[in-house]
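Okay, so here's the structure we're looking at.
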Amino acid sequence: MSTESGAREGLSSVTRGTLYLLFATLGYVALNFVARVVVVRSVTSSEWNSFSLALTLAGVVAAIGTLGLPSAIARSLPYVHSDDERRGIVRGALLIGGVAAIASSVALWASGPWISSTLGLPELGPALEVFPIAVATTVVIGLIAAIFQGYEDVVPNALYAQVLPPGLFVVFLGVVVVAPRVGLTYESALLAYVAANVVTLLLALIYALRRLPRLLPRGPRAAGAAARLWTFAVPLLFVGVMSTVSGSGDTLVLGAFHPNAVGTYTVSLTLARLLQVGIGAAAYIFLPVAARFLRSDNRSAVQLVYVTVTKWMILFSLPLLLLFFFLPSRSLDFVYGPGYATVIAPLQLVVLGAFVTTLLGPAANAQVAFGQTRLLAYNATVAGLLDLGLAFVLVPKYGIPGAAAAWACANVAYTGLSLVQLAWITHVHPFRPHFVVPLVVTAVPVAAILALAPVHYPLWSLPVIGLAIAGLFLLVILLTRSVDEGDRLLLGAIEGLLGRPLPLLRRIGRLGVPRDRR
C-alpha cells in the first residue's frame, strides 16, 4: 500500500472515529455538568466533596483494574495477521479482565472503611460501599470498547463509555427528584450513579454479543495468543497505574490535606480537560490505525496522519486555551456562574498544561503502536512521581493552586517525554512548518489583545470570540500557504464520509497550497 493511499484510508478512519468520539465526549461533558448541578444543589457541600473524592478513587481503581489490557487489545488486534490469533486475544482479554474487574471492586470495597476513617470523612463511607460496583462495570465496558477499537469501531466507546453512563445518571436523578415523597438525597444520588453504570454494562454486553460475531466469526484459537497479549500488556499495566497517578494523584493529595476543596478543584480540571477532548478522541482511533500501518511497515503514513490530526485538533483547543487563560473569570462565570473566583489561577495553570499536551499530539498512543511500551512505562513513572512529589510539596501550603501546578507539570512531562522519544527513534512528530506557522501567527496577536485590551466582555460574547479565533486560524492557514498533502487527503476523507464532493472547499484550499506544489 502506498503512503498516499494508506494515509487516505487511515485519515478516513481517524476522521470518522474522531467525529463520533468528539460529539460523544462533548455529550459526556454536558451530561456530567447537568448531573453535577443537580447533585450540588441537592446535597451538602461536605457530601459533594465526598462524592467527588469517591469518584476520583473509583476512577483510579478502575484504571488499575484494566491491567493495561485496553491499549494492548487495541494495538494487538489490527497488528496480528489471522483471526485465530484474534480469537485467542479476545478470549484471554475477557477472562483476565473479568477476574481483574471483580478483584479491583472487592479491593475498593474492603478498603473503604479505612479510607473514610483515615480522611475523617464519614460521608465518604456510603460512597465507597456502592462505587465498587461501578468500578467493575467500568473495567468490563472498557474491555468491550477496546475490542471494537481494535476493529476501528468507536461506537461502543462513544455510546457505552461516554454517553450512556452520565445520560442514564441524569435520567435516574430526574426520576428521584420528581418522585413523590422521595426527593434527591446523597444516598439516592449514589445509587443512581451505580444503577446507571450497571444498566450501561448490560446494554454493552448485548451489543457485543450481537456485533462481535460479525467481525470475528467462531473458529479455532491460536495457541499462546493470550499469553502474548498479557506479555505486551504488563508494561501497559504499569503505564496505566502511573498515568492514573499523574492524572489523579494531585486530587487525592488535595483530599488528604484539604478535603473540602476537592469539589471546587474539579471545576478547573473539568474545563482543562475540554482542551484534550479533540486530541483524546483522535488518539483513541489513531492507535489501531497506526498499528495497521506498521504491520506493513508504512511509517510515512503514520507520520502524515500524526501531523494532520494534531494540526486540526488545535482548531478545537486553541480558542478554549485563549479564552480560559486570558479571560478565566468570565469563562468560569459563563460555565458555572459566579462564586468560583478561587480557581482562577488554578484554571490558568491546568489549561496551559492541557494545551501543551494537545500541541504534542497522540504521542503515547503512537508509542503503543510502535511497541515502545517500556519507554512509555518509564515516562509514566516520571510523570506519576512528579505529580505526587509536587503535590506533597505544594498542596499543604497552597491548596488548590498547588494541586493544579502538579497536574499541569506531570501531564506535560508525560506527553513531552513520549514525543521526544518518538521523534528520536521514528522521526514522527507534528512540528512541521505548516503546523507551527499558523499556530504562532494566530495565537500571539490574539493573546496580546485579550491580555492587554481593557475590555469587560459580556458573557454572550465568549462563544463568538471562540468561533472568531477558530476562523482566524483557518484564515491564517490559507494566508501563510500552510495547506499540505495531509490536509488534501483529509478533505478527501471527509468527502468520502459525506458521500459527495466539496468543490468550494477544494477551491478555497488550493489558495493555501505553496506555489511550488501546485
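The values are calculated or read from the model by the stated rules, or taken from the named source; none is laboratory data. These numbers come from a predicted model, not from an experiment. Every residue, glycine among them, receives a Cβ derived from its backbone with ideal geometry; neighbour counts consider all protein chains shown.
For (1) at pLDDT 85 or above; (2) small (Gly, Ala, Ser); (3) over 26 Å from the mean Cα position of the chain (by Cα), each residue gets a yes or a no:
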| site | (1), (2), (3) |
| --- | --- |
| Tyr186 | yes, no, yes |
| Ala192 | yes, yes, no |
| Asn197 | yes, no, no |
| Leu201 | yes, no, no |
| Leu209 | yes, no, yes |
| Leu212 | yes, no, no |
| Gly224 | no, yes, yes |
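So is Ala410 more than 16 Å from His258 (Cα to Cα), of a type outside the set (Val, Ile, Thr) and buried (at least 20 other Cβ atoms within 10 Å of the Cβ) or not?
Taking the combined requirement at face value, the residue satisfies it.
Among the residues of region 285-319, write down those that are out of contact with any helix residue (DSSP H, G or I) (no Cβ under 6 Å at 6 or more places or on another chain), over 24 Å from Ser482 (Cβ atoms) and surrounded by 22 or more Cβ atoms within 10 Å (Cβ to Cβ).
Once the filter is applied, which keeps residues that are out of contact with any helix residue (DSSP H, G or I) (no Cβ under 6 Å at 6 or more places or on another chain), over 24 Å from Ser482 (Cβ atoms) and surrounded by 22 or more Cβ atoms within 10 Å (Cβ to Cβ), region 285-319 yields nothing.
Is region 368-381 home to any residue that is surrounded by 24 or more Cβ atoms within 10 Å (Cβ to Cβ) and not in a helix (DSSP H, G or I)?
no
Checking Val335 against (1) surrounded by fewer than 20 Cβ atoms within 10 Å (Cβ to Cβ); (2) touching a helix residue (DSSP H, G or I) at 6+ places or on another chain (Cβ under 6 Å): exactly one of these is not met. Which one?
It fails just one condition, (2).
I'd like to verify a number: residues in region 304-335 that are hydroxyl-bearing (Ser, Thr, Tyr), within 23 Å of Ala468 (Cα to Cα) and under 22 Å from the mean Cα position of the chain (by Cα), how many?
Residues that pass the stated criteria total 4.
If you go through region 32-73, how many residues are over 20 Å from Ile115 (Cβ atoms) and among the aliphatic types (A, V, I, L, M)?
So the count comes out to 10.
Scan region 342-372 residue by residue and report those that are within 19 Å of the chain's Cα centre (by Cα) and among the polar types (S, T, N, Q).
Matches in region 342-372: Thr357, Thr358, Asn365, Gln367.
I'd like the residue in region 101-122 that is buried (at least 21 other Cβ atoms within 10 Å of the Cβ) and modelled with pLDDT of 85 or more and, out of all such residues, is nearest to His258 (Cα to Cα).
Ser116
Quick one: which residue in Val412, Val428, Val395 is of a type in the set (A, V, I, L, M), touching a residue at least 60 places away in the same chain (Cβ under 8 Å) and part of a helix (DSSP H, G or I)?
Val395
How many residues are among the small types (Gly, Ala, Ser) and touching a residue at least 40 places away in the same chain (Cβ under 8 Å) when one looks only at region 432-463?
Residues in region 432-463 being among the small types (Gly, Ala, Ser) and touching a residue at least 40 places away in the same chain (Cβ under 8 Å): 3 in total.
Suppose we filter Ala493, Ala447 for residues that are under 24 Å from the mean Cα position of the chain (by Cα), surrounded by 14 or more Cβ atoms within 10 Å (Cβ to Cβ) and either modelled with pLDDT under 70 or small (Gly, Ala, Ser) (or both); which single one remains?
Ala493
Search region 250-268 for residues being touching an Asp or Glu at 6+ places or on another chain (Cβ under 9 Å) and under 23 Å from Phe324 (Cβ atoms), and hand back the single one that is modelled with the lowest pLDDT.
The residue in question is Tyr265.
Given Val163, Val90, which one is in a helix (DSSP H, G or I) and over 24 Å from Ala24 (Cα atoms)?
Just one listed residue meets the conditions, Val90.
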